[in-house]
Every structure is written in structure tokens, then in C-alpha cells.
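The values are calculated or read from the model by the stated rules, or taken from the named source; none is laboratory data. Note that this is a predicted model, so its numbers are computed, not measured. Neighbour counts are summed over all protein chains in view; Cβ atoms, including those assigned to glycine, are modelled from backbone coordinates with ideal geometry.
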Amino acid sequence: MLANAFLIALREIRRNLGRAFLTVLGVIIGVTAVVTMVTLGQGTTMAVKSKIENLGSNLVMLRPGAGFGPRAAAAGVPNFTESDVIAIAEQIPGVAAIAPLRSNMLSTIYLQQARNTTVTGTTIDYFAINKWSLADGRFFSEDEASRGAAVAVIGNTVRDELFGPDDPIGRKLRIGSASFQVVGVLASKGQAGMGDQDDTIVVPLTAMQRRLGGRSSARDISQISISAADGVDSNLLISEITALMRQRRNLQSNQDDNFSVFDTRQIAETLSSSTRMMTTLLTAVAAVSLLVGGIGIMNIMLVSVTERTREIGIRLAIGATAREVLWQFLVEALTLSSAGGVIGILLAFALCSVLAPMIEVSFAFNLQINLIAFIFSAAVGIVFGFAPARRAARLDPIDALRHE
Amino acid sequence: MTTSRGNRDDLPGTQQLLIDMQGVRKVYGQGDAGFEALRGIDLGIRQGEFLAIMGPSGSGKSTLMNLLGCLDRLSSGSYRYAGIAVERLNAVQRSLLRRYHLGFIFQGFNLLERTSALENVELPLLYRGVKRAQRSSMARGALAAVGLAGKEANSPSELSGGQQQRVAIARAIVSNPTTLFADEPTGNLDSVTTAEIMNLLTHLNRERGITILMVTHEDDVAAHAGRTIHVMDGLIERDSARNAGF
Ligand SMILES: Nc1ncnc2c1ncn2[C@@H]1O[C@H](COP(=O)(O)OP(=O)(O)OP(=O)(O)O)[C@@H](O)[C@H]1O
Ligand SMILES: [Mg+2]
């Protein structure tokens, strides 16, 4: 009986290929959109998470301006001085390590190869605070840092792009207008979402101040990174640093902070709430397209109801029972919508494999969303394909035959 | 006129009637708006008869035909088909009665569009659960019997009106029904094609003993039948069998 229903349903599909195609297309569009959007959205979230994990867990950052992110670089906001760094290190309990940072986008040249890279001047604590480890060579020494020696530790991307197969250790590298010797290569942190963390060169702060870009004032520290000692409440640390900095900057109680202190958890929350919002938005868009696909299917089915009702009349007259007719329609609707669902999922898989590398997120097959989209598409097929047939199959055969 | 009605010496009532309607009424609509299309039909038909139903337009011929063919339900009265009380059957049982005993031919052919003649004829066999190989050979046989061998792959739009009606007849007889119901089977056909179809029906009646009930407007068509009843305003006004002395 079920085999029969299959045979009859397949003949019916073959008979109405145009209608079948449109139905399947509606499901394909919906399923592809939903699966692609959700998969890429989750890939982005995962990328952001891993980037944050690479930052270090007990990291506290001090930056000029309000908030973090691109807005922080607002003009006219005073940077920090080295005495700020010393004051924090000496006056705030619970600071395990502290590193001043000064970063600049500079041109770098090795032999024929040239490219622009973010160059950071800092102290050796920086490596520990930001969880950098070495792939090759060494970090610069305490002595080199205080002398302002022209030594550089380069990121993996810089090594690949500038040196290619050559061993960079000991080579001279041109940064800006000065020559630096490479002493170490950082272990890769990988492509983690926004930007390449390995596209970096780290030099002693003193070397940066003396040799690169000249020193216009003592206020040339653009960021202070601090790692909290184990067991220290980072909220307490943040409020203590805030109080100290307000005092050092002579801010009155009615003035807002012109700097910001935040820890990795806050970054994580902000970033993940924005990616969550993006994912929600994309999912909503995708859900709408699934709905539009469903409405398309409904439209096709309603338009064909007249023809189908007469067809049902013929079948009933010939001796089919209402139940057999309904089975046929159910099988037909299910076949079409699952075909659409499977094609949609495959298409989404293909689309994700192409798009994920383009937007630099990792692409993981998500069984759950695929299942949901598939079940939804099947449900759409059943509801819109099957419901009109239900009414017709209940008619007396002559009423179905007479249907105009 | 000879018919395969059988032995004229059989007395009425001594032979079991295939179809036995008593006081059948059919009301369309409800209450005051209701219209009584059949107002008390008594009709007995024996196995193997070829009956023509005639009468003016709107007299209730199709209504009667649909009740006889179990396509519609009576409002009151009783209807026995081969001893089965049809008015007591549920929808599924009526479907099964149609499936195993009745065949239909319509004025508008009612074939499935975009479907080959062979698959159209196979349709009743599908619902009977006939296996693939047998299904195909039975359907080919039925098409050959109506003179359409070689047209198995043609869809309705690739066939003439007469050929489409032959496919419909093949579909109706492929499952060896006891009774064939035909509502104006030649209503859409020209006179030459009409003669062909009528010869085919006569042949089926005589050679296979299929009981045929047919609605028609044309005397030439009715002339093929062994018995003619005239319907008027929802009542049987004349019955050639009674005139013949029954
Ligand atoms: N579904 C229906 N609803 C309401 N009235 C109907 C319906 N079907 C038929 N009638 C009415 O019942 C009467 C008999 O109709 P029927 O179709 O049986 O006539 P007929 O004898 O077959 O006519 P024709 O020769 O034109 O086909 C007509 O007055 C018609 O208007
Ligand atoms: Mg009629």
C-alpha cells in the first residue's frame, strides 16, 4: 500500500514537473539561507571567542579615550607616560606584570620584500602578559630593552612574507628608517577573526622611541597592558587603576574619564554580544526567506487545487479510497520537500565552504541547524501540500469531479 | 433488436436483479432552498442489460446515473446493487464497490492530463494492487480491445476525441467491471466517431456480458441499447421494457 502510494506519487510528480520544481525551489531557497546564515554566524562567534582566548585570561588594559575598539583612537585624548606605568606598578596591589605599549603601522623591508606591519614597542613583560611564546630564537633581553638595542621579535606572518624560506634569526631588517636585527620568531596564534595577530613586530619600547618616528613628547604610550596576579578581583583592580589615573590626570568629579580600563571578560562580552546580535539578525533574515519559500509553495498548491480536485475526483471514481488519495499526497509533498531540504543543505554546505575562508571564519558542520531546517522544510511541504488535498479527498467523488 | 439481456422467457422477479432501486429521491441543497432532482425512482436492471436513459435537459438523468454509480448518496429510498444495500455503505465501502464492480465513462473523458494512455488505463489496477508486469499486460490488452494498440505512449493531448474516449473505455473495462456507467459518452463526439464508440460498447455488452447503463440525448445512440427509459422531472416516465409487456 505504501509502495503503491510511492508509485502513484512519483507518477504525479513526473506529470507536474513544473509545479514540483517550484515547490522544491521554495524549500531550497529557505533551507540554504537558514543553514548558511546560522553556520557562518556561529563560525564568526567561534572566531571571536578564540581570539579573545589568545589575548590571555587575566589581562587588564588601559587605553586613552572612552571605551575600546576603533573609537578609542579619538583625536585629542592624551596618551600615557612612563611614569603612569611606574605609578600603577608601585601603587596598585595585585599587578603581576605590566607593559607599556606604543604601536605604529610602519613599512618593513628585507632584501626585495617590503610590506607594512604593526610595530609595537614595549617591555619584555609584554610577551608573558599576551601569552606569546617563541617558535624560534629568543625574546629581547632586559639589557637590550634598557639600552634601546635595535633588536626585533617578529610574528609568523612577517617571517613568511618577508623571509620566505630563509632563516630570519640574526638577519637585518629595515623598519621605517632604521635597521633592526631579528632575534626571535613568535609562535603563531593563527587567523582569529578580525585581523591577523601574527602580522606583528615587537621591539623594545626604548628602541621604538629613539629610532622609529621620533619622540614628540613623554606622552607616547598608547596602551598599558597589565596582568592581574592570581586570585585578584579584576573589577577591584579596574576601579583602583581608574581612581589612580583620574587623580594623575587631575580630573574633577564632574569630568568623565578620558581613558578606559577594561579586562578580557568585558571585551569578550561586548564582542560576543555584537556577534550574537549579528547572528540573530542573519537568522531572522534567513527565517523570513524560509517563510517566503513556504508562501511560494502554498501559492503553487492553492493554484493547482482546482486541477487537483478534479484529479482526486477521477481517482475516487475509479475506486481509490480517501485514505489512499491522502497517502499519495502526503508522499508527494514529503518527497518534494525533502528533496528540497537535501539539496538546500548540500548547497548551504558548498556556500559555507566558499564563504567561510573569504570572511576568515572557520566552518563547522552544525547538525542541529541542518536538522531543524530539514524538519521545517518537511513541515512546510506537508502543511501546504497536504492540507488542500485533505479537503478534496473528503468530498463525494461527483462533487470532486464537478469542481470548477 | 437483440440484446444480451438473456432469456426473454425469464419472468420478472424470478431472476435476481443486479440493480434494484425503490423510491429513490435526491434533494440538492437544504430546506426551502432544496431542489428535488429525483422524486421517487423505482428501477430494476438485470445482469447483462444495455440500458439507455433519455429525457430532456435538467430532468435528472445525470443525477440518477451518479446515484446508480455510487458516486453520490441518495437522499431517501433504497438501492441494492447485487444484493448489497448501497445506502448503508460508508465512503470506503462505496470506493471498494466502485473499484471491484463498476466502471465509468464520462462525457468529458476525465483522463489524467500529461499521462500516457497506458498509465491512464493502469490507474484502476494500481488501486487493485495488481503487480507491475500483469498490470502492464492487462492495460495493453484493454487498449488493444478498444482498437488503440500502438497508442500506449500517447498522452490525452496527443489523441483525438474519439481516441480519448476509447482510452476512457479501456480504463473502465480493464478491471473487468460488472457494470459500465456512461453519462453521454458520445456527447463530445462527431457522428462517425459516435458510431465507432457505440459499436464498441455494444460489443462489450454482447461479448463480455457487461451490463451497460448509458445516458444519451440522441435516438440513434439509444437505438444501440436493448432497453430505454425516459426520465421527466425526476420521475421515470416511460420504460421500453414495460411497454414490451413486463
Ligand atoms: N449539484 C447540484 N446542486 C443543485 N442542483 C443540481 C445539482 N446537480 C443537478 N442539479 C439540478 O438537478 C436537476 C437535474 O440535473 P441533472 O444534471 O441530473 O440533469 P440532466 O438530466 O443530466 O440534464 P442534462 O441533459 O442537461 O445533462 C437540474 O435541475 C439541476 O439544476
Ligand atoms: Mg446530464
Residues located in segment A:124-144, provided they are buried (at least 22 other Cβ atoms within 10 Å of the Cβ) and either under 24 Å from A:Ser177 (Cα atoms) or charged (D, E, K, R) (or both): A:Phe140
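Looking at segment B:90-107, is at least one residue part of a loop (DSSP other than H, G, I, E, B), within 16 Å of ligand 2 (Cβ to nearest atom) and closer than 16 Å to B:Leu180 by Cα?
yes
Report whether or not B:Arg80 is away from chain A (no Cβ under 13 Å), within 19 Å of the chain's Cα centre (by Cα) and among the basic types (Lys, Arg).
Details: away from chain A (no Cβ under 13 Å): yes; within 19 Å of the chain's Cα centre (by Cα): yes; among the basic types (Lys, Arg): yes.
For B:Arg80, the condition - away from chain A (no Cβ under 13 Å), within 19 Å of the chain's Cα centre (by Cα) and among the basic types (Lys, Arg) - is met.
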Pairs, first touching a residue at least 40 places away in the same chain (Cβ under 8 Å) and closer than 14 Å to B:Ser75 by Cβ in segment B:14-40, second among the β-branched types (Val, Ile, Thr) and within 16 Å of ligand 2 (Cβ to nearest atom), C-beta under 6 Å, six or more apart: B:Met21/B:Ile41; B:Val24/B:Ile41; B:Lys26/B:Thr63; B:Ala37/B:Thr63; B:Leu38/B:Thr63
Filter segment B:63-89 down to the residues that are away from ligand 2 (no atom under 16 Å from the Cβ), aliphatic (A, V, I, L, M) and either part of a helix (DSSP H, G or I) or over 22 Å from B:Glu36 (Cβ atoms) (or both) and list them by number. B:Ala82, B:Ile84, B:Ala85, B:Val86, B:Leu89
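Of the residues that sit in segment B:97-128 and are of a type in the set (S, T, N, Q) and within 8 Å of chain A (Cβ to nearest Cβ), which one is nearest to B:Cys70 (Cα to Cα)? Can you show your working first?
At the first step, the residues of segment B:97-128 found to be of a type in the set (S, T, N, Q) are B:107, B:110, B:115-116, B:120.
Then keep just the ones that are within 8 Å of chain A (Cβ to nearest Cβ); that gives B:110, B:115.
Details: B:Asn110: 17, B:Thr115: 26 Å.
If we take residues in segment B:97-128 being of a type in the set (S, T, N, Q) and within 8 Å of chain A (Cβ to nearest Cβ), then B:Asn110 is nearest to B:Cys70 (Cα to Cα).
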Does B:Tyr81 satisfy the criteria of being among the hydroxyl-bearing types (Ser, Thr, Tyr), within 20 Å of B:Gly209 (Cβ to Cβ) and touching a residue at least 12 places away in the same chain (Cβ under 8 Å)? yes
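Do you know which residues across segment B:135-155 are aliphatic (A, V, I, L, M), within 13 Å of B:Arg171 (Cβ to Cβ) and in a helix (DSSP H, G or I)? Working first, answer last.
At the first step, the residues of segment B:135-155 found to be aliphatic (A, V, I, L, M) are B:138-139, B:142-146, B:148-149, B:153.
Of the ones still in play, those that are also within 13 Å of B:Arg171 (Cβ to Cβ) are B:138-139, B:142-143, B:145-146, B:148.
Residues satisfying the conditions are B:Met138, B:Ala139, B:Ala142, B:Leu143, B:Ala145.
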Got a sec? Which of A:Ser272, A:Ser227 is among the hydroxyl-bearing types (Ser, Thr, Tyr) and modelled with pLDDT under 85? A:Ser272
Can you find a residue that is among the hydroxyl-bearing types (Ser, Thr, Tyr) and more than 16 Å from ligand 1 (Cβ to nearest atom) anywhere in segment B:131-141? yes
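Residue by residue through segment B:26-67, note down the ones that are away from ligand 1 (no atom under 12 Å from the Cβ) and either under 23 Å from B:Leu102 (Cα atoms) or within 14 Å of another protein chain (Cβ to nearest Cβ) (or both).
Our first condition is that a residue be away from ligand 1 (no atom under 12 Å from the Cβ); within segment B:26-67, this holds for B:31-32, B:40, B:42-52.
Result: B:Asp42, B:Leu43, B:Gly44, B:Ile45, B:Arg46, B:Gln47, B:Gly48, B:Glu49, B:Phe50, B:Leu51, B:Ala52.
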How about segment B:24-61: which of its residues are more than 16 Å from ligand 2 (Cβ to nearest atom) and hydrophobic (A, V, I, L, M, F, W, C)? B:Val24, B:Val27, B:Ala33, B:Leu43, B:Ile45, B:Phe50
So A:Thr309 fits all but one of (1) modelled with pLDDT under 85; (2) within 14 Å of chain B (Cβ to nearest Cβ); what number is the exception? (1)
Kindly evaluate A:Ala392 against the criterion of being touching a Ser or Thr at 6+ places or on another chain (Cβ under 7 Å), modelled with pLDDT under 85 and more than 11 Å from chain B (Cβ to nearest Cβ). yes
Take A:Ala20 and tell me if it is assigned to a helix (DSSP H, G or I), of a type in the set (A, V, I, L, M) and within 11 Å of chain B (Cβ to nearest Cβ). no
Give me the pairs, please: first residue somewhere in segment A:131-155 and on the phi > 0 side of the Ramachandran plot, second residue anywhere and of a type in the set (Lys, Arg) and part of a helix (DSSP H, G or I), beta-carbon distance under 7 Å, and either six or more positions apart or on two chains. A:Gly148/A:Arg210
Can you name the condition, by its number, that A:Ser289 falls short on among (1) in contact with a helix residue (DSSP H, G or I) (Cβ under 8 Å, 6 or more places away or on another chain); (2) more than 18 Å from A:Ala373 (Cα to Cα); (3) more than 14 Å from chain B (Cβ to nearest Cβ)? (2)
Find the helices (runs of 4 or more DSSP H) located wholly in segment B:158-246 whose residues include 3 or more that are within 16 Å of ligand 1 (Cβ to nearest atom) and away from chain A (no Cβ under 14 Å), and list them. B:219-222
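Taking the condition of being more than 9 Å from chain B (Cβ to nearest Cβ) and in contact (Cβ under 8 Å) with a residue 40 or more places away in the chain, how many residues in segment A:1-11 meet it?
The qualifying residues number 5.
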Restricting to segment B:203-246, name every residue that is surrounded by fewer than 20 Cβ atoms within 10 Å (Cβ to Cβ) and within 21 Å of B:Ser160 (Cβ to Cβ). B:His203, B:Glu218, B:Asp220
Looking only at segment A:359-387, which residues are surrounded by fewer than 17 Cβ atoms within 10 Å (Cβ to Cβ) and either within 14 Å of chain B (Cβ to nearest Cβ) or in a helix (DSSP H, G or I) (or both)? A:Leu367, A:Gln368, A:Leu371, A:Ile372, A:Ile375, A:Ala379, A:Ile382, A:Val383, A:Ala387
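Free of Cβ contacts under 8 Å to residues at least 40 places away in the same chain and among the basic types (Lys, Arg): which single residue out of A:Arg249, A:Arg265, A:Arg211, A:Arg219 fits that description? Talk me through it step by step, then tell me what you get.
Values: A:Arg249 fails: free of Cβ contacts under 8 Å to residues at least 40 places away in the same chain; A:Arg211 fails: free of Cβ contacts under 8 Å to residues at least 40 places away in the same chain; A:Arg219 fails: free of Cβ contacts under 8 Å to residues at least 40 places away in the same chain.
Just a single option satisfies the conditions, and that option is A:Arg265.
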Is there any pair linking a residue in segment A:320-332 that is within 10 Å of chain B (Cβ to nearest Cβ) to one that is at pLDDT 90 or above and surrounded by fewer than 20 Cβ atoms within 10 Å (Cβ to Cβ), with Cβ under 6 Å and at least six apart or on different chains, and which? A:Thr321/B:Val92
